[in-house]
Amino acid sequence: MPLNFTFALSQQQTFELRCDYGSRRLDKTELAALIDLCEQNYYTQQKDYLPYLTQLGRQLYQWLDGKEGWLRRALDEADEQTIHLDLIKTSEAQGLNPETERVALGLAHLPWELLHDGAGFLIERQNLSVLPVRSVQQRQTQ
């Protein structure tokens, strides 16, 4: 059974992470710092440096896992697992103040492929799929 993480945005322009285990409010300042870290140190690098990528992946994993341990729990409960990261509501949000818009769009741009549990990158596992969904095209059919 897949684990679905949904990143939601309230009318008060606060962020919330929801999954099968519950929901938690996300700290916008902490989220902005994580986005800035990736923008400045991952996307602008001319070459890949494995220890740095591992460290960045660990930070991303720990942030997503949270003190509740949702990601660890899901990975422990299933032999074969799919993790859906639903970023649609934040990447398609409109009418936001500039700071909230930057964070909402930055969330969809995080390097989810770097998620690292301390033993290895999740994307390298044979029994695991990590699927960030950033947008969905709507098609009109007759």
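The values are calculated or read from the model by the stated rules, or taken from the named source; none is laboratory data. Keep in mind the model is a prediction, meaning the values are calculated, not measured. Backbone-built Cβ (ideal geometry, glycine too); neighbour counts: all protein chains shown. Heads up: the accessible areas ignore ligands, DNA and RNA and are worked out on the full protein's heavy atoms, side chains in. Shrake-Rupley method; radii C 1.70, N 1.55, O 1.52, S 1.80 Å.
Can you pull out the residues in the stretch 97-131 that are in a strand (DSSP E or B), open to solvent by less than 70 Å² (accessible area, probe 1.4 Å) and touching a strand residue (DSSP E or B) at 6+ places or on another chain (Cβ under 9 Å)? Matches in the stretch 97-131: Leu128, Ser129, Val130. Scanning the stretch 88-102 for any residue that is small (Gly, Ala, Ser) and within 17 Å of Asp117 (Cα to Cα) turns up nothing. Given the condition surrounded by 12 or more Cβ atoms within 10 Å (Cβ to Cβ), more than 14 Å from Lys89 (Cβ to Cβ) and small (Gly, Ala, Ser), answer yes or no: does some residue in the stretch 48-65 qualify? Yes, the stretch 48-65 contains a residue that is surrounded by 12 or more Cβ atoms within 10 Å (Cβ to Cβ), more than 14 Å from Lys89 (Cβ to Cβ) and small (Gly, Ala, Ser). In the stretch 95-115, the residues that are within 18 Å of Gln11 (Cα to Cα) form Cβ pairs under 8 Å with partners that are in a loop (DSSP other than H, G, I, E, B) and open to solvent by less than 10 Å² (accessible area, probe 1.4 Å), at six or more places apart or across chains, as follows: Leu107/Leu87.
Filtering the stretch 1-42 to residues that are of a type in the set (Val, Ile, Thr) and free of Cβ contacts under 8 Å to residues at least 40 places away in the same chain leaves Thr14, Thr29.
Hey, does the stretch 72-81 have a residue that's free of Cβ contacts under 8 Å to residues at least 40 places away in the same chain, open to solvent by less than 70 Å² (accessible area, probe 1.4 Å) and among the acidic types (Asp, Glu)? Scanning the stretch 72-81, I find no residue that is free of Cβ contacts under 8 Å to residues at least 40 places away in the same chain, open to solvent by less than 70 Å² (accessible area, probe 1.4 Å) and among the acidic types (Asp, Glu), so the answer is no. Taking the stretch 16-65 as the range and being under 25 Å from Asn4 (Cβ atoms), of a type in the set (A, V, I, L, M, F, W, C) and assigned to a helix (DSSP H, G or I) as the test, the residues that pass are Leu31, Ala32, Leu34, Ile35, Cys38, Leu56, Leu60, Trp63, Leu64.
If you go through the stretch 32-67 and pick out every residue that is among the hydrophobic types (A, V, I, L, M, F, W, C) and in contact with a strand residue (DSSP E or B) (Cβ under 6 Å, 6 or more places away or on another chain), you end up with 0. Apart from one condition, Thr82 fits all of (1) polar (S, T, N, Q); (2) in a helix (DSSP H, G or I); (3) closer than 21 Å to Gln126 by Cβ; the exception is (2).
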